[in-house]
Structures are given as C-alpha cells and as structure tokens.
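Presented below is the structure to which this report refers.
The values are calculated or read from the model by the stated rules, or taken from the named source; none is laboratory data. Computed from a predicted structure; not experimentally measured. Cβ: placed from backbone, ideal geometry, glycine included. Neighbour counts: every protein chain shown.
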Amino acid sequence: MILSVVVALAATVIAAPIKERAAANGNVVGAYLLIDPKEGPAKLAQVVAQASTIPVNRVTLSFVRPDMYYEPGSNTLVGSGFNYADGGDYGFADVKAAVSKIQAAGVDVYLSMGGWDYNCWPYTYLRYSVAPYGGANADIIKQYGNGNIDNCVEANQWCYACEPPSNGNSGADSFAIFPEPAWSANWVQATKDIEAAIATNGGAVSAPAVTWHPQIYGGQNWTDPVTKTVQKVVGRFDFATKKRDPYTDLVYLAKDLGLAGIDLDYEEFWHADTFKTGDAKCTNPCQLWQTVYKYSAIVRDFQLSIAAIYPTLKLSTAAAAVGAWNGDWWGGNMKGLWYGSYQIMPSLTQFMTQGINAGGLNVMAYDISTTADECPQPGVCSLSQQVDFYLGTYKTMLSSTAGVYVGYEVGTPAYPADYTYMANLTQSEFSTLQSNTQSQYPGGFYWEMYKGADSAANVDVNTLSQKLCTQLLPGQTRCQGNLPTAPVPAATTTTAAVPATTTTTAAVPKTTTTAAAVQTTTAAVQTTTAAVVQTTTAAVIQTTTAVVVKTTTTAASGQTPCAAPYDSTKTYLKGDQASEGGFNYVANWYALNNDPAANSAPYSQWTNLGACGGTGPVVTTTAAVVKTTTAAATTTVVVVKTTTTAAVVKTTTTAAPVKTTTAAAGGNTIVVGQPCTTNGQWACNNTVICAYGSSSTLVWTSQGLDEVYGNILRSFFLHQRPTNHLPESSSSMGAATDPATATDPFTHLLFAPKPRLAQLYAEVHTPSTLFVQIRGRWFDVAAFAKTHPGGETALRLAAGRDATAMFESAHVFADKKKLDALLRKFVLSDEEAQQRGLRTLESALSESDRTDEKNEFGENIDWTFGGPFQTEVNRRVVAYFDSEAKRKGITRIQATKATPEKWALILVTGFLFIVSMCYLVRGNRWMVLMAPTMGWFCGVNCFHDGLHFALSTSPFVNEFVGGLFPFFSSPLGWFHQHIIGHHVHTNMKYHDPDLVHGIEARREHKDHPFLPIYKHQSTFLSIGFHFVVGTWLGLGLLNDFKLILSPTLSYNGFVPRIPMTTTALITHGVTRAIYYIGLFGWPYWTFTAAEKGFLEKFMFSMGPAIVFPSCLWSTRKSTI
C-alpha cells in the first residue's frame, strides 16, 4: 500500500514539469542567475529546491570567461571563470547535479559567456569609448585621474571605466576580452567563412575588408597605434598556453554538464570604438564593421563546434537594444552590430532563431536613457516607447518575431549614471510593455533573478516573472509559484525544527550549516518542512592563497615542445600527435601515410596545433590565485516555507513478479475477473494474464493463443500497436499503463505518422536531388552520382542523411587527401544550406520521437563517429586486409572482394538450387529440403555480399548478382534495414531497426514493454513464428509494403526511406507481389487435386518457407 502511494506521488511529481514544458509551445520566460562564490551556491540550491514551481522555464547561469578553457572530461571548472567555488573541482559536480535537477523539473538551463566585466578592457574602453564623447561619463577622469586621462592606470582600474570602486575589482584578471584563437581549426574555418561571406554579400552594404587581431588576448603586450604606448591586455592566457579554443571548450563544458543551451553575451564596446572607421569623435557617422566580423566569427565558431560535439545544444545571444537598428552609428554603443552580421551572413542569426539549435536573441531592451539626444525618434523617449521601437527593428530585420525575446531589468539600471534620465521599469511601464510589445514576441527574460526593485514604484522581480509566465506560458501551474528569496543578513532566531551539523573548511573561511528535509508521508497528505541555515565567519579581512592547479611542460625557449617526428610508416589514431617542419599536429581520425603538413586543411586528417620548438623540456608549476574576501561574522537565515499538499492517491499494489501459472501462494486458485492484487502474482501463460478489464483496473483475464496471434496480425496488417503491454516488474519498469493510451518510445516510433519527414520529401530531399551531410557540412553530389566509383545506388543511400559514419566506414582504404579534395568540389556554404532548408531526414524523427541512447548509469553515450571503438575497428580492418593481400600476393582492394573460391561456391550452389527447383515442381519430396538449402547458401552469398557492394569492384555486378535471389528481403528493404540502419547503428535503441523486428513475438531490448508472448521467444514459438512467418512474411513482404505505405515513411520507424518517385514505389510493390506469388503460389497450383492432396500441395508450396529460415536460425544460434 505505502509503496504504491509513493510510486503514484513520484510519478505525478515527475510527469507534471514534463507536461508543462510541452505546453510552453516554444515560448520562453527566462531569468539570468548571477553566480558568485559568496552567495552563488546558496542561490543555486534555492533554485533547485523550487525548480518545479518557479515562474520561468529557462535559467541562464552567468558567467564564464570568454578566455576560458575546459578540457573535455576533466570535470572541473578551474579554467572557466565561473565563480562558484575556489577549490576542489571548483563546483563542477555541484553545478552538474543542480542542472540535472532543475531540468528534470521542466526548466532549461543555459550557461552564459561574457557579461560586462568579461567584455571590458578598461584602458581601451576609457580612451576610445568614453573620453572622445565626453558627457557625464568623462567625469570619472576628473574624479579619479585629476582631469588627465594618462593618470588612469591599472592601479585605479583605469579610472574605474568599467566598474565603480565599490565593486572591489582587483587587477586585469577581473576583466577579460573575447580572443581570436588562431591556432584553432574551428576558428580558422570560421574566419574563412566570414571572409567568404563578405566577398559574396559585403558589396551590397559597402563592407570593408576584414582585419583580424589574433595577437590581442590576456597577458600579451599591445602597442596602441594612437598613443604608441605598450599596454598589457587584460584577462588570462591559460587557454593560449594550452592551445584551446574557448568557444569550442564552452560547448564541451555544456555537454559534460548536460546543459540545454549556451548563451553569448557579447558587449565589447571597446572593440567597436578602437577599430572603428571614422574620426575619433565620430563627428560624421562611423562604422563598426570590424566588430561585426569578430562577433560573426565567434558565432560561426560556436556553430561549427555545436555541429561537431553536441548537435542538439541550443545557442542564444544577448543582443543590444540598438543592435538591429539600421542607422548612422556615432560610437559609444553597439548600434547596428546584429544588423551588419545579418547582412553579411544571415545563417548565423537564423541558427539562433530557427530550428533545433535556436536559443533566441535576448534583446537587452534596458539601460536606456530618456535624454532627448538619445531617444531614437522625437516623442519616442519613455521606456515602453523605446523598447517597442528597438524590438521593432529586430522584427523588421528578420521579417519575423520568431526567436526574438524582450528584455527587462529590475531595479536601478546600470546606465545612465545620471538618475534624472534613468528609464526605470515601473509598474505602469511594465503594464504598457506587456500589452503593447510583449504580446508580439514569443519570449521575455530579465536581469536578474535576485535583483531588488529598489523602489515601491518599480515592478519587483517576482511579480514580473509571474506576469510574464502567465502571459507566455498560459495554463502552467508554475506561473502561480514564487521565485526564491535572496539570502540576506537577518538578526532573527532560527527555529530548530531539524537537527543541524556544521562543517568547516580551513582553505576557504566559510562555515555552512544545512538542515536535512523532514518528510512525512501518509496515504493522502504529504508535509515537508525544511530550514536552511548558513553561517559565514570571517577570520581575516582579505586572504590571497596560491593553489597549485597543474604542472605543465614547456620548452626552455618558451615554445611548446615538439611531439615525436611524423613517421609515414606508422598508423596514427584519433588524438595521436606528431611534429613536422616545426609544427605540432593532431590526428582527427585514422591516418596512414598522410603527411600532416599537406593534410591539415579543414576537414582533413590532421589539425595544426601551432609552432613548436625549444632546446629541452622545462617543468613549470602554474598557480591559480584564489581570492577570499570576507567581512565581519554574519549569520544568514534562509527559510524554506512549509507546505502541506493533499494528494488524491489511487491505491494500486503490484507485487514482485512470480512465475506461477496455476494457483496463488496461499493455495487460492486464480479467478478470471478478480483483481490481480488478490494473489499478488502473474499467470502469464497466454491463457490467463494480468490485463486491464472493463473497469479500467488490473484483473485476471482469459486470453487464448488466438488472441495473442490476433495482436500480431493486427500489428502487421493494420499498423496497430500490440495490446496488453505489461511491465516486467513495478520496481524496474514502472506501473502498468492502459494499452489504449500507452505511448512507449518503441511503439510510438513504429506507428506514429511523421509529418516532418513528409515535408522534407516534398520540399527538400526529392528524388531529383542528392544532398548528403558529412562531418556537419552539406554537399550537393547529384553531379557526381553517375561517376561515383561505388555506383549511383550506393551514393543515393546517403541522400538526405547524416552520412558521416557511412562515408567513413566505406572509405577506410581511400586516399584521404584525394577524397577531401573531391569533397571540397561539392561543399555547400552554411548560407546555401540554410537557404535550401537542408536538414537531415533523421532530424525529422529525432526532435520528438527519438531519444539519446543512455548507458546503465543514465548517462548519454557519445556515438560521435571517430570515437576510440570505431577507430580501433578501422585499424584492425586495415591490418587484416593488408595481411591478406600480402599473404595472397594481391592488392588490398582485391583482398576485400570475392575470391575465386567464393565465386565458385556461388555458381555451384546457384546451379544446384535451379536443378532442385526443377525437381521440386515435378513433385520430388526431397527437394522440399534440397531447394531452400541450396537457395540459402547461394542467396546469402549473392544477396548479402552483393548488396554490401563487396562482391566486385563493378557496381553493376554487385547490384545484378545481389538482386538475383532476394529470398528473405527485397534489395530496397535490405538497404534500409541492414546497410543504412543496422550496420551504422548496431544495437542502438531508437536507431537500429533490427531491435524491433518481430516485436509482436520477440523482445530484443530491455526498454521495450513486456508482452506475455515474450516468455516463449527462446522456444518453439520463436522458431515457428519469428523465423518462418517473420522471415518470409515479415522481412520479405510486409516490411516492404510498410516501407512504401506506412505513415511513418520509414523502415520500422527508425530509418527514413530514401527519396523515391511514386512510380518507383508502385513498381517496387507490384514486382514484390509478383515475386511472392511466383515463389509460393505457383508450386501450389502446379499440382492438380488429382495428383496431390491439399497437404502435399501445401508442403511443396510452403515447405521451403519453413526450411529456409531454419538455415538462418542455425546460423544465428551458432554465432550467438
């Protein structure tokens, strides 16, 4: 009883946020959450505790540094700049656990890169973004620099240009800039793509040539071309020492943390003003094209990294209010930055606003001044008027509001400094914005979740969030919930409702007391009371401690040591390094006799890691400065409210399964119609089973084998899901569900229509096109089809697909240099692919129908092609065929094709099959055994090897011989089932179609709901149905017709069919029907009733159909 109550309550809690997330219809209510070591952990813990009820469906954690680094799998935030903790794994495990819990409650979690401090270079910002334009901001030079800009140096934070003194920032490390990592292959490709886009689209907008600045990153000396002074660039340089790409590393970090998305907060005002075109004060309109190019390259780098590492990751960007305004730029802000990027390479913005990676444009429609000279138009000066105007520029730019989100700032804005002209988010202004502006856009977000309103006239963050939620996510219960209360000092006493334990860590002077939740559960009422007490004690005012992070080896000259020299006779695997000509290279995949220097172009075997050298290795230890700032002893009390929730509980008790088919343990006979709980056991013997009765309760039900086979036939012929799905046990599979509403993933894939696929077939991947995706790039290979060495048929199997695995596995022995050169002839730019609407056929299944494969720990398995398993398989394949070629004195390619002995076997068995068929139709009973046996030996060698394109180097021979004996499948069905599906995704659930062959009688994967018939799958029923009816009728006939006629437009719901004309589909169906009539009907009607009785006629007709699968069965059993 108690167990069933707990299970029911847990199912309700888990299901609610999932349903609410689905009900959001793509709308977003987002909140930025600023994390710092002082209050960040407590804030994040509060969000976790209230995740199921907070009135948002997206939380963006802020911020990581743009000069960060993260080594995949390292599971530490040490190089990220994400200020959660100052030691250990720097909070990685805590953050990952929090992300998992928050997302399980229906709230997506993003991680933002940038923020104001991590965008600001105080020297250049003061000198080129503040001083030239004067105004109130220039007063900081008077106040802190005695009126002389040259007195603004690091000691006074360059006259506190980026942050006021009260913020307590110290030194260049408090700030950062976005680097241009020229050693990164992704960055190099991104810059090339931007340059190509400028050449194509720049003329229409008079865009100048691009100038990159890869030398400007943390710790480097930079000579100001105007003042001729040498300045040290703010920020860190660890990423450069390690030759890491921060943008690629953020994607790796997002993947390891399990994030839903990442956010780019780019606000480099200093860059726009330092590298602008025009005079210093912009007395005439200036241009910020160089910043447009840099921002676009960063987005492109993210796009490339996401495609290669984490294809489902979403990307959002914080966009300036004036960013889409196509007007003259007078300096000092980011006006027109996003407009310029869209003109040059619109696919970048579209990537963030459309499709599966769309995280949206978070338009920062705040920090607005109401001074007349800063109003966008006369009479458009209030906050609500300006916000509506600026959002309208994004709408005009995109010709759409999709992915455009309205931004709000609670409390005192950061700009302007003069309170007289601040545009505060008052109650009335917010109400106007809701009705006039927010109603046009699908999302809203605010800064920041814990920020105070500062005035009774201003809207508070909780009210703002609730009203946005009600407007954008109507009907969701979370909209009535509350945001967490900010941790604030309190002198109140704490009710000691729960015993507390105190843990003190010496390295960081912080004492944390956490009270465990006390939970009382009854049949219908659950009460939870919790009190969280945090005490912070400071021993000193400020402590600076050097903590050893990592020991690295460099060359004595300061350069990176060279790896072992490249050896052309050595087999290099993915990740192996070699040096050549003073440069280090890393292998991207299997490489043999492929010179690194000549094969390091994008998408080649090698990646150039940069120059190397030095006279000898020197071991150095790098220390990370850990800053701990504390004040007097403070006690903070966070009270988590006590809630009492009455729950209506349906009492259902399911005991552990006991394989008893006759009587209960107490001797009571199982009675049909009684509740299954009466005896607490199963009687799954296909005569009496536990199933839903007329009263929608689980009762003992009589079911004969006719009903079992009825389920099977309904599934085959009518595409109806099997009934009586019953889990193996309530503990491992969950409570049994009504078959009428059950939507387990396997069943849903097999029977649900696929409208997205239909649209792709109609509009994009038609029979006349041939677009394939390899390594994240699209190629138009239609012109290459007729001359493809493997034949046009082999190439068309990849049409519309992510063909990376098919491509790589089919070209293990190819000259990679020539292969890459050939590919470059057919590559499409991202813009072309976007314009054509290209997306893979598989993506049309995966958005809502297919989930990632997980291991036994519930972790996503990375099936990215090029992993260690696949690399090792490739190495062994090459080694095997090389040894065979050497042993036989033939070429490697000849060693992979049919030998003379194999051709002799095909000819002999084929001849014997034809002879035995002649005797079969003459009435020789022995031929009932002989004909299918010879058919098996001949057919499996012809059909299997030929359609694998492995018999001959001639495509015609492979296809002709392969189609001669299509006994157990048609070539079309075999291509989808075996070549495209099974061999590329072997034994991967939701991917390998073999896992659902004959699911009506056989269970191949633990996640498929249990059917009573499965208890016989290793006995006679498996042989009798699965390998006789299943092979001949299922694989050979019905699956072909389902492939043609099924609303799933795919093979077993997993493999989208290749684009085919209607004529081709009809022709295939007709010829397959004729084939079966000839194979089975003709022998039956050959003999008259006088010659043979019914049983004999049936034996001659169906006997081979029984014997043939037995060969398949014996082969399968011998290999298991």
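Quick notes
- Looking only at residues in the stretch 348-383 that are surrounded by 22 or more Cβ atoms within 10 Å (Cβ to Cβ) and of a type in the set (G, A, S), the one that is nearest to L111 (Cα to Cα) is G359.
- Sub-7 Å Cβ pairs linking a first residue in the stretch 42-62 that is assigned to a helix (DSSP H, G or I) to a second residue that is of a type in the set (K, R), at least 6 apart or interchain, are V48/K101, ordered by first then second residue.
- Residue match in the stretch 401-412 (condition: touching a residue at least 24 places away in the same chain (Cβ under 8 Å), part of a helix (DSSP H, G or I) and not basic (K, R)): no
- Taken over the stretch 762-773, the criterion of being surrounded by 21 or more Cβ atoms within 10 Å (Cβ to Cβ) and either in contact (Cβ under 8 Å) with a residue 60 or more places away in the chain or charged (D, E, K, R) (or both) is satisfied by H765, F771, Q773.
- Within the stretch 430-448, the set of residues being modelled with pLDDT of 95 or more and within 23 Å of G115 (Cβ to Cβ) comprises G443, G444, F445, Y446.
- Scan of the stretch 941-954 for residues that are without any contact (Cβ under 8 Å) to a residue 24 or more places away in the chain and buried (at least 18 other Cβ atoms within 10 Å of the Cβ), ordered by number: G946
- Residue tally, condition aliphatic (A, V, I, L, M) and not in a loop (DSSP other than H, G, I, E, B), over the stretch 774-806: 8
- Tally, over the stretch 821-839, of residues that are crowded, with 18+ Cβ neighbours inside 10 Å and not hydrophobic (A, V, I, L, M, F, W, C): 4
- Taking the stretch 301-337 as the range and being under 18 Å from the mean Cα position of the chain (by Cα) and either closer than 21 Å to V363 by Cβ or assigned to a strand (DSSP E or B) (or both) as the test, the residues that pass are F302, Q303, K314, L315, S316, T317.
To keep it simple, each residue is scored yes or no on (1) assigned to a loop (DSSP other than H, G, I, E, B); (2) surrounded by 19 or more Cβ atoms within 10 Å (Cβ to Cβ); (3) of a type in the set (S, T, N, Q); (4) at pLDDT 80 or above.
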residue	(1), (2), (3), (4)
F956	no, no, no, yes
G973	no, yes, no, no
H976	no, yes, no, no
H991	yes, yes, no, no
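- Any hit, the stretch 231-240, residues being touching a strand residue (DSSP E or B) at 6+ places or on another chain (Cβ under 8 Å), under 28 Å from C562 (Cα atoms) and part of a helix (DSSP H, G or I): yes
- Candidates Y160, Y252 - the one that is over 36 Å from the mean Cα position of the chain (by Cα) and among the aromatic types (F, W, Y): Y160
- Residue count for the stretch 895-927, restricted to those that are over 30 Å from S954 (Cβ atoms) and touching a residue at least 60 places away in the same chain (Cβ under 8 Å): 4
- Subset tally (residues that are surrounded by fewer than 23 Cβ atoms within 10 Å (Cβ to Cβ) and not in a helix (DSSP H, G or I)) for the stretch 182-203: 2
- Extreme residue, surrounded by the fewest Cβ atoms within 10 Å (Cβ to Cβ), among residues of the stretch 413-465 that are charged (D, E, K, R) and free of Cβ contacts under 8 Å to residues at least 60 places away in the same chain: D454
- The set of residues in the stretch 161-173 being of a type in the set (S, T, Y) and either at pLDDT 85 or above or part of a loop (DSSP other than H, G, I, E, B) (or both) consists of S170 alone.
Residue-wise test of (1) crowded, with 19+ Cβ neighbours inside 10 Å; (2) at pLDDT below 95; (3) within 21 Å of N362 (Cβ to Cβ).
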| site | (1), (2), (3) |
| --- | --- |
| A22 | no, yes, no |
| V28 | yes, no, yes |
| V47 | yes, no, yes |
| S52 | yes, no, no |
| P55 | yes, no, yes |
| V59 | yes, no, yes |
| V64 | yes, no, yes |
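- For the stretch 768-816, the tally of residues that are within 22 Å of V877 (Cβ to Cβ) and not acidic (D, E) stands at 22.
- Tally, over the stretch 790-809, of residues that are in contact (Cβ under 8 Å) with a residue 40 or more places away in the chain, over 17 Å from H991 (Cα atoms) and not basic (K, R): 8
- Here S296 clears all of (1) closer than 22 Å to V205 by Cβ; (2) without any contact (Cβ under 8 Å) to a residue 60 or more places away in the chain; (3) over 16 Å from the mean Cα position of the chain (by Cα) except the condition numbered (2).
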